[in-house]
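The values are calculated or read from the model by the stated rules, or taken from the named source; none is laboratory data. Note that the structure is a prediction, hence the values are computed from the model and not measured. Glycine also receives a Cβ, built like all others from the backbone with ideal geometry; neighbour counts cover every protein chain displayed.
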Amino acid sequence: MSEANAELLTDILGTVLQESAFMFVEPDQEPIEWGPQVFAATLAFESVRGGLLRLTAALPVGVELAANMLGTDADDPEAVENGRAAISEILNVIGGAFVTRYFGTKVPSQLGLPQALLSSHPATGRRTAAAVVRSETGEPVLLELDLEA
Amino acid sequence: MALEMLVVDDSPVTRKMVRRAIGLCGLEIGQVHEAGDGAEALSRLAEHRVDMVLADINMPVMNGMELVERMSADAELSKIPVIIVATPMSEQRIERLLDIGARAYLAKPFRPEALKDLVLEILGKGEGHV
């Protein structure tokens, strides 16, 4: 079993963004300054232990993810409309990767349905570990894990 | 003959991604229908001839597991192969899905070539038949 730490979350986040949406990111330690709007998504999971994953992404990241996933340009209205759905799907894939890498594939795990919204502030709450990455344009993405005791 | 497909996923982005992958995988594809959950999928199956279903598991209203169970219990629908296209999951869950009638499991994210190989295997045209 991997450790539930920033290294695991950074690896999962980077891999999923690259493989699902062709987005290349770099780990970052700098404090995050969010823009006026962010995509904030949550996903509950149940396995050996339950918990919650929170994904927060700058608005342009969500639009770029949608554009890459749909095969359109970032200024395409379809990409702008689908930013929230893209963030939900990315968190869904992150959730699957997390439960199988952290708890393993031998134990049953269950993901909830991802909930994502466009918000003026990131979702907050207790966290066991967190990872921050930045897109090639410098936009931040934050993945947080709240693992039940 | 061109394959008629049904893509079942609650995420519109994922449905479009899967459609795109289907288009890129080099198979002769006819119409690609879409449904947002298992119940909607059963309605589409009642309306259209479909050769293969690509379904997510984690969906509201009716999830992919129940969709496979319902299709397996129907004499006609049980003939339509279902590929589960979903996030990584436990071995036990994959075995359960195959036990109740799903033909294959493809983990997200996937490459179009991987989808093509699975489709060809299911159709008996690949290197190793399923």
| note | With the first residue restricted to the range B:76-104 and required to be facing chain A (nearest Cβ under 9 Å), and the second required to be part of a loop (DSSP other than H, G, I, E, B) and surrounded by 15 or more Cβ atoms within 10 Å (Cβ to Cβ), Cβ contacts under 6 Å at 6 or more apart or on different chains are B:A86/B:D56; B:A86/B:I57; B:T87/B:K108; B:S90/A:T105; B:S90/A:P108; B:S90/A:S109; B:E91/A:T105; B:Q92/A:P108
| request: Search the range A:83-110 for residues that are within 7 Å of chain B (Cβ to nearest Cβ) and pair each with any residue that is basic (K, R) and outside any helix (DSSP H, G or I) when their beta-carbon atoms are under 9 Å apart and the residues are at least 6 apart or on different chains. | output: A:E89/B:K108; A:N92/B:K108; A:V93/B:K108; A:G96/B:K108
| said: Of everything in the range B:1-14, what is closer than 19 Å to B:I80 by Cα and either buried (at least 22 other Cβ atoms within 10 Å of the Cβ) or under 14 Å from the mean Cα position of the chain (by Cα) (or both)? Give them in sequence order. | reply: B:L3, B:E4, B:M5, B:L6, B:V7, B:V8, B:D9
| remark: Scanning the range B:1-38 residue by residue, those of a type in the set (A, V, I, L, M, F, W, C) and in a strand (DSSP E or B) turn out to be B:L3, B:M5, B:L6, B:V7, B:V8, B:I29, B:V32, B:A35
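Residues checked against (1) of a type in the set (G, A, S); (2) surrounded by 15 or more Cβ atoms within 10 Å (Cβ to Cβ):
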{"position": "A:G83", "(1), (2)": "yes, yes"}
{"position": "A:I94", "(1), (2)": "no, yes"}
{"position": "A:A97", "(1), (2)": "yes, yes"}
{"position": "A:L118", "(1), (2)": "no, no"}
{"position": "A:T124", "(1), (2)": "no, no"}
{"position": "A:P140", "(1), (2)": "no, yes"}
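Per-residue answers, yes or no, for (1) assigned to a loop (DSSP other than H, G, I, E, B); (2) under 19 Å from A:F39 (Cα atoms); (3) over 19 Å from the mean Cα position of the chain (by Cα); (4) at pLDDT below 95:
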{"position": "A:M69", "(1), (2), (3), (4)": "no, yes, no, yes"}
{"position": "A:T72", "(1), (2), (3), (4)": "yes, no, yes, yes"}
{"position": "A:D75", "(1), (2), (3), (4)": "yes, yes, yes, yes"}
{"position": "A:A79", "(1), (2), (3), (4)": "no, yes, no, yes"}
{"position": "A:R84", "(1), (2), (3), (4)": "no, yes, no, yes"}
{"position": "A:E89", "(1), (2), (3), (4)": "no, yes, no, yes"}
| If A:L70 satisfies every condition in (1) under 13 Å from A:A116 (Cα atoms); (2) surrounded by fewer than 24 Cβ atoms within 10 Å (Cβ to Cβ) but one, which is the exception? | (1)
| said: Quick check on my filter: what residues within the range B:39-74 are under 11 Å from the mean Cα position of the chain (by Cα) and in a helix (DSSP H, G or I)? | reply: B:A41, B:G64, B:L67, B:V68
| query | Are any residues in the range A:1-21 of a type in the set (S, T, N, Q) and either outside any loop (DSSP other than H, G, I, E, B) or away from every other protein chain (no Cβ under 14 Å) (or both), and if so, which ones? | reply | A:N5, A:T10, A:T15, A:Q18, A:S20
| request: Hey, could you check the range A:36-49 for residues that are more than 20 Å from A:S88 (Cβ to Cβ) and more than 14 Å from every other protein chain (Cβ to nearest Cβ) and say which is surrounded by the most Cβ atoms within 10 Å (Cβ to Cβ)? | output: A:R49
| task | For the range A:113-122, indicate whether the set of residues that are of a type outside the set (A, V, I, L, M, F, W, C) and within 14 Å of chain B (Cβ to nearest Cβ) is non-empty. | result | yes
